[in-house]
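Enquirer: Submitted below is the structure of interest, expressed as structure tokens.
The values are calculated or read from the model by the stated rules, or taken from the named source; none is laboratory data. This one's a predicted model, so the numbers in the text were calculated from it and none came from an experiment. Every residue, glycine among them, receives a Cβ derived from its backbone with ideal geometry; neighbour counts consider all protein chains shown.
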Amino acid sequence: MTSDDPFDDATTARAVIDEDGTLAEWNEGARRLLGHPSSEVVGRPAAVLLADGGTAGPPDPGEDRWSGTLALRHRDGHTVSVWVLAHRRQPPDGGPVTWLAVTPLPAGFPDPQDDDLMRAALVQSPCATMIFDDRLRLRGVNDAMAELVELPAARIRGLRATDLGDRPQNAEIETYMRRVLATGERQEMQTVMKAPGEERAHAWLARIAPLTDALGQVRGICVTAHDFTEHFLARERLQLVNEASVRIGSTLDVTRTAQELAEVCVPALADFVSVDLLDPPEHGAEATGPLTAPVQLRRAAHHSINPGSPEAVCKPGQVDSYPAGSPQAGSLIAGRTVAAAVSLDDIEAWRSWDERRVQLAREYGTHSTMSVPLQARGTTLGVVVFSRFRRPEPFSPDDVLLAEELTARAAVCIDNARRYSRERDTALALQRSLLPRTLPRTAAVDAASRYLPAARAGVGGDWFDVIPLSGMRVAMVVGDVVGHGIQASATMGRLRTAVRTLADIDLAPDELLTHLDDLVVRLSEEAGGEGSPGEVGATCLYAVYDPVSRRCTLARAGHPPPVLLPPHGEPRGVELPAGPPLGLGGLPFESTELEVAEGSVLAFYTDGLIESREWDVDAGHRMLREALAADADSLDETCDRVLHALLPQGGAADDVALLLARTRGLPSSQVATWDIPADPALVAPIRKQVVDQLARWELSEHSFTAELVVSELVTNAIRYGARPIRLRLIHDATTLICEVSDNSHTAPHLRRAKTFDEGGRGLLLVAQLTQRWGSRHTTDGKTIWAELGLLADD
């Protein structure tokens with residue numbers, strides 16, 4: 001105590017003794033008791049104060065407190081017999097340990113039986129009670145408090161709370177008493193500690209109330225201690241359940257959910273927790289039939305109060321076999337919690353099962369285990385094992401209830417994660433099957449693509465396609481169906497099939513989107529019922545590139561515009577009319593035509609590539625252009641660089657489709673065009689010109705077939721078409737294309753000629769002689785085309 005402490009007085013003798021027995025401090029109360037001033041005794045051995053023949057053994061090194069009666073020598077020579085309480089003090093700054101020895105002076109403290117204040121307080125207090133006066137000196141304790149602190153009530157009167165021990169709670173309660181003296185208001189203090197008379201720590205509530213006289217003056221303080229351990233533990237259990245509801249199941253990942261369960265329970269419930277799961281049946285089927293021992297379990301997660309979990313027998317991901325008689329197998333087979341104390345006999349019984357498990361149990365002193373089955377929706381998923389080795393108390397029935405509550409919550413989350421994983425795998429398999437496995441090789445473009453499902457939302461409805469068209473042209477399409485999951489993937493498959501069908505009849509991009517919009521409206525009506533449109537929505541971008549003219553025609557329905565990278569220039573966005581998203585119905589779409597230099601790269605993508613929480617759309621477009629501008633050896637490398645530059649480490653929030661196409665140009669030397677007079681007599685000269693042209697192209701071996709096809713197509717155009725009529729031959733390394741155009745919009749139809757019909761066999765002959773044939777409408781009329789394969793059949 002310091003000299004400026006207003007509550008320090010000379011009614012208590014106090015001395016501080018170093019570990020070597022030297023007196024370090026000596027107060028006025030000690031001088032009054034033995035007559036020695038501090039200058040005579042400080043720095044000398046405390047043993048010189050013992051009377052002749054008096055003994056005082058040193059405190060046990062393992063104890064922090066000692067009390068007993070000592071015979072001390074007064075300065076004038078007579079012997080003073082006093083009761084002394086000494087306790088060890090550890091300085092906050094880590095200095096040397098000292099002992100504080102205290103004893104109250106007998107004068108001035110009446111017997112509690114004769115003290116009206118003490119008698120009234122003790123009568124009114126139903127529990128462990130201490131009474132302090134207005135100078136914070138202990139006036140007395142009742143029998144319940146004396147038994148709790150294990151000190152004689154008659155010996156400690158006159159001491160301060162801090163004299164009774166060096167625990168932080170002693171200083172804290174004195175702070176509260178000062179507050180009561182200053183304000184006259186009741187105070188409460190909660191703490192968890194092991195009192196001297198207890199075997200384990202309890203939760204205590206100290207109520208500190210003023211004691212007043214008839215005039216309302218505070219004459220003392222009553223401190224009552226209440227053991228509210230059960231309420232405290234119940235509150236802790238409730239807090240743990242609340243924490244578990246927030247922390248467990250933060251993701252739809254089985255392993256992460258299991259790890260969250262283990263981390264929540266350590267150290268609040270156990271010292272070590274392991275989560276072992278049964279492997280799910282193949283192909284997503286539900287488990288059937290009862291479990292039998294031995295049980296094969298895969299470690300999903302574990303957590304320990306010791307860093308690195310050295311108590312774990314197996315690592316996460318490993319499979320362990322649990323035989324009959326093991327807690328894990330017993331819990332799974334019985335379908336209930338198995339909690340038991342672990343004895344030496346139990347540990348030895350494990351030796352035939354797992355020698356390492358025995359060694360670890362002995363090394364860490366495991367004394368209690370609790371195996372709780374993971375069950376959700378009538379299915380057993382695995383088992384959670386709780387172990388204690390540092391906490392001395394075994395698992396209580398309340399601990400079992402708490403473990404079952406936490407495990408039940410985690411089981412639902414794990415089951416949800418497994419179901420989500422199965423559904424996601426199914427949707428992803430469906431999505432992959434509906435997307436093109438490989439992109440076709442065409443004379444118009446070299447193409448590369450990527451598709452990535454969303455990291456969290458699951459598989460969506462993004463798609464892309466490259467569709468060969470007549471006349472060496474190629475269509476490129478990319479789209480995005482609203483939503484995620486199997487329904488979005490199925491809708492995507494229907495739209496992709498519809499686009500291919502519409503592309504096969506060579507519709508212009510804006511016309512194709514109009515027909516596709518009608519389809520989405522019908523799908524929406526089917527999905528949502530009458531009067532609720534908009535259940536299905538999508539965006540789409542459709543482009544057609546002609547390698548002969550090197551022109552590209554594009555139209556979009558609410559989709560992000562493509563990026564064009566010229567062969568010797570900077571990437572730029574292509575300006576296109578936005579167009580409404582598919583599914584609104586009745587709104588027009590517009591096409592844009594632009595000239596594209598040979599070797600240019602067109603980048604088509606869905607909005608999942610450029611949209612992110614970390615940047616806005618403009619920043620995403622800028623990053624895309626920068627990634628496209630960097631040098632790369634191939635389009636595949638460019639695809640990977642774009643994804644790496646724009647997508648976060650954990651994956652995109654939305655699924656992503658990316659299609660890159662490098663344009664090719666067809667040299668004019670590979671194209672021949674003739675204007676045809678509407679005179680059937682000139683068909684023979686035209687055939688001769690075709691044969692001569694094929695000879696110049698070194699394709700004479702195909703002259704006979706080409707001559708027949710050209711003759712039939714030109715004759716039909718002269719006979720049924722409208723002027724002007726034009727013949728065009730196009731070839732590359734694999735294909736020869738014959739095209740005849742006229743200004744009539746009447747399209748030919750293949751039909752079966754009867755036996756005596758004079759006509760009707762021309763188109764049938766063309767169909768038999770060529771790989772494929774068809775017609776497409778143009779602005780001025782139509783074009784009939786046929787493709788001949790130039791490669792020899794195997």
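Enquirer: Looking at Arg237, Arg256, which one is modelled with pLDDT under 85, among the basic types (Lys, Arg) and either within 23 Å of the chain's Cα centre (by Cα) or surrounded by 13 or more Cβ atoms within 10 Å (Cβ to Cβ) (or both)?
Expert: Arg237
Enquirer: Let me ask another. For residues in the stretch 426-457 being of a type in the set (D, E, K, R) and within 28 Å of the chain's Cα centre (by Cα), which is nearest to Val596 (Cα to Cα)?
Expert: In this case the residue turns out to be Arg450.
Enquirer: From Gln190, Gln217, grab the single residue that is polar (S, T, N, Q) and within 53 Å of the chain's Cα centre (by Cα).
Expert: Gln190
Enquirer: While we're looking at this one, here's another question. Within the bounds of the stretch 667-681, is there any residue that is in contact with an Asp or Glu (Cβ under 6 Å, 6 or more places away or on another chain) and either within 23 Å of Pro453 (Cα to Cα) or surrounded by fewer than 18 Cβ atoms within 10 Å (Cβ to Cβ) (or both)?
Expert: no
Enquirer: Something else about it: Among the listed residues Glu147, Glu185, Glu198, which satisfies the condition of being part of a loop (DSSP other than H, G, I, E, B), among the charged types (D, E, K, R) and modelled with pLDDT under 90?
Expert: Going through Glu147, Glu185, Glu198 in turn, just one is part of a loop (DSSP other than H, G, I, E, B), among the charged types (D, E, K, R) and modelled with pLDDT under 90: Glu198.
Enquirer: Quick check on this structure: which one of Ala417, Ala408 is farther than 30 Å from Ala341 by Cα and assigned by TED's automatic domain parsing to the domain that holds Arg362?
Expert: The conditions single out Ala417.
Enquirer: Inside the stretch 199-218, can you point out the residues that are charged (D, E, K, R) and surrounded by fewer than 13 Cβ atoms within 10 Å (Cβ to Cβ)?
Expert: If the condition is that a residue be charged (D, E, K, R) and surrounded by fewer than 13 Cβ atoms within 10 Å (Cβ to Cβ), then Glu199, Arg200, Asp213 are the ones that fit.
Enquirer: Can you give me the number of residues within the stretch 572-610 that are surrounded by fewer than 18 Cβ atoms within 10 Å (Cβ to Cβ), in a loop (DSSP other than H, G, I, E, B) and either of a type outside the set (Asp, Glu) or in contact (Cβ under 8 Å) with a residue 40 or more places away in the chain (or both)?
Expert: Looking only at that region, the number is 12.
Enquirer: Which of the numbered conditions does Ala427 fail, given that it passes all the others? Conditions: (1) small (Gly, Ala, Ser); (2) buried (at least 21 other Cβ atoms within 10 Å of the Cβ); (3) over 30 Å from Arg500 (Cα atoms).
Expert: Here Ala427 meets the rest and fails (3).
Enquirer: Okay, moving on. Every residue in the stretch 628-639 that is within 32 Å of the chain's Cα centre (by Cα) and free of Cβ contacts under 8 Å to residues at least 12 places away in the same chain, please.
Expert: Across the stretch 628-639, the qualifying residue is only Glu637.
Enquirer: Leu70 - would you say it is out of contact with any Ser or Thr (no Cβ under 7 Å at 6 or more places or on another chain), under 13 Å from Val102 (Cα atoms) and either modelled with pLDDT of 85 or more or among the aliphatic types (A, V, I, L, M) (or both)?
Expert: Judged against the criteria, Leu70 is a match.
Enquirer: Next question. Given (1) farther than 18 Å from Met370 by Cα; (2) not in a strand (DSSP E or B), identify the lone condition not met by Ala258.
Expert: Unmet condition: (1).
Enquirer: Same structure again: From the residues in the stretch 688-707 that are not acidic (Asp, Glu) and not in a helix (DSSP H, G or I), which one is nearest to Gln670 (Cα to Cα)?
Expert: If we take residues in the stretch 688-707 being not acidic (Asp, Glu) and not in a helix (DSSP H, G or I), then Trp697 is nearest to Gln670 (Cα to Cα).
Enquirer: Separate question: Would you point out the residue of the stretch 708-729, among those that are in a helix (DSSP H, G or I) and among the charged types (D, E, K, R), that is surrounded by the most Cβ atoms within 10 Å (Cβ to Cβ)?
Expert: Step by step, filter the stretch 708-729, then rank; the result is Glu712.
Enquirer: Output the qualifying pairs, or none if there are none: Cβ atoms under 7 angstrom, residues six or more apart or on different chains, first residue in the stretch 261-281 and small (Gly, Ala, Ser), second residue assigned to a loop (DSSP other than H, G, I, E, B).
Expert: Pairs that qualify, where the first residue is small (Gly, Ala, Ser) and the partner is assigned to a loop (DSSP other than H, G, I, E, B), are Ser274/Ala312.
Enquirer: On the basis of being in a helix (DSSP H, G or I) and either over 15 Å from Leu148 (Cα atoms) or among the acidic types (Asp, Glu) (or both), does Leu233 make the cut?
Expert: Yes; evaluated as a whole, the condition is true for this residue.
Enquirer: Just the residues that are among the hydroxyl-bearing types (Ser, Thr, Tyr) and surrounded by fewer than 21 Cβ atoms within 10 Å (Cβ to Cβ), please, taken from the stretch 491-510.
Expert: Correct list: Thr497, Thr501.
Yes/no per residue for (1) in contact with a Gly (Cβ under 7 Å, 6 or more places away or on another chain); (2) crowded, with 21+ Cβ neighbours inside 10 Å; (3) modelled with pLDDT under 80:
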position	(1), (2), (3)
Arg137	yes, yes, no
Asp143	no, no, no
Ala153	yes, no, no
Ile156	no, yes, no
Glu174	no, no, no
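Enquirer: Within the stretch 151-177, which residues are touching a Phe, Trp or Tyr at 6+ places or on another chain (Cβ under 8 Å) and not in a loop (DSSP other than H, G, I, E, B)?
Expert: Ala161, Met177
Enquirer: I'd like the full set of residues that are of a type in the set (Asp, Glu) and within 15 Å of Val223 (Cβ to Cβ), limited to the stretch 156-171.
Expert: Matches in the stretch 156-171: Asp163 only.
Enquirer: Considering only the stretch 119-128, I want to know if a residue exists there that is modelled with pLDDT of 80 or more and either surrounded by fewer than 20 Cβ atoms within 10 Å (Cβ to Cβ) or closer than 26 Å to Leu23 by Cα (or both).
Expert: Within the stretch 119-128, one or more residues are modelled with pLDDT of 80 or more and either surrounded by fewer than 20 Cβ atoms within 10 Å (Cβ to Cβ) or closer than 26 Å to Leu23 by Cα (or both).
Enquirer: Still on this structure, please answer the following. So the check is Cβ under 8 Å with 6+ separation or different chains; which pairs have a first residue in the stretch 399-415 that's in contact (Cβ under 8 Å) with a residue 12 or more places away in the chain and a second one that's in a helix (DSSP H, G or I) and among the hydroxyl-bearing types (Ser, Thr, Tyr)?
Expert: Listed by first residue and then by second, the contacts come to Arg409/Ser245; Ala410/Thr257; Cys413/Thr257; Ile414/Thr257.
Enquirer: Does the stretch 373-382 include one or more residues that are in a helix (DSSP H, G or I) and either over 30 Å from Ile730 (Cα atoms) or outside the structural domain of Ser304 (by TED's automatic domain parsing) (or both)?
Expert: So far as the stretch 373-382 goes, no, none of its residues is in a helix (DSSP H, G or I) and either over 30 Å from Ile730 (Cα atoms) or outside the structural domain of Ser304 (by TED's automatic domain parsing) (or both).
Enquirer: Got a sec? Which of Thr79, Thr103 is β-branched (Val, Ile, Thr), modelled with pLDDT of 85 or more and either buried (at least 19 other Cβ atoms within 10 Å of the Cβ) or over 22 Å from Arg167 (Cα atoms) (or both)?
Expert: Thr79
Enquirer: Another question about this same structure. Would you check if Ala300 is in contact with a helix residue (DSSP H, G or I) (Cβ under 7 Å, 6 or more places away or on another chain), farther than 28 Å from Pro392 by Cβ and modelled with pLDDT of 90 or more?
Expert: Yes: the conditions hold for Ala300.
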